[in-house]
Amino acid sequence: MVPLRARHGGVLECREVSVDLCRLTQQPEGGVLCELVNEDEMGTTRMARRDDCRTFADEQNLNMISVEMLAAYRKSLCVL
């Protein structure tokens, strides 16, 4: 595990999505950095792309948002 420190300004300045989500939902601030991977035809793993994540979310009945969606929502609330 590698500890990361959130920066002031959140997702509007950098990729601090987990902290912004926690603040917007009134939860303790924290998050875990992880990634979904897929196996390609050669048997090697690669980072899952957006469409891969959408398929996974649909299969698991999960909601999915993007950094851009969160930034737009924050701007619409004037929660800067």
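The residue that is nearest to Val17 (Cα to Cα), counting only those in segment 53-80 that are touching a residue at least 60 places away in the same chain (Cβ under 8 Å) and surrounded by 11 or more Cβ atoms within 10 Å (Cβ to Cβ), is Ala71.
The set of residues from segment 18-52 being of a type in the set (Asp, Glu), surrounded by 10 or more Cβ atoms within 10 Å (Cβ to Cβ) and not in a loop (DSSP other than H, G, I, E, B) comprises Asp20, Asp52.
For Leu24, the stated conditions hold: it is within 20 Å of His8 (Cβ to Cβ) and aliphatic (A, V, I, L, M).
Each value in this text was obtained by applying a stated rule to the coordinates, not by laboratory testing. Please read these numbers as outputs of a predicted model, since none were measured by experiment. Positions of Cβ are generated from backbone atoms using ideal geometry, with glycine treated the same way; all protein chains shown enter the neighbour counts.
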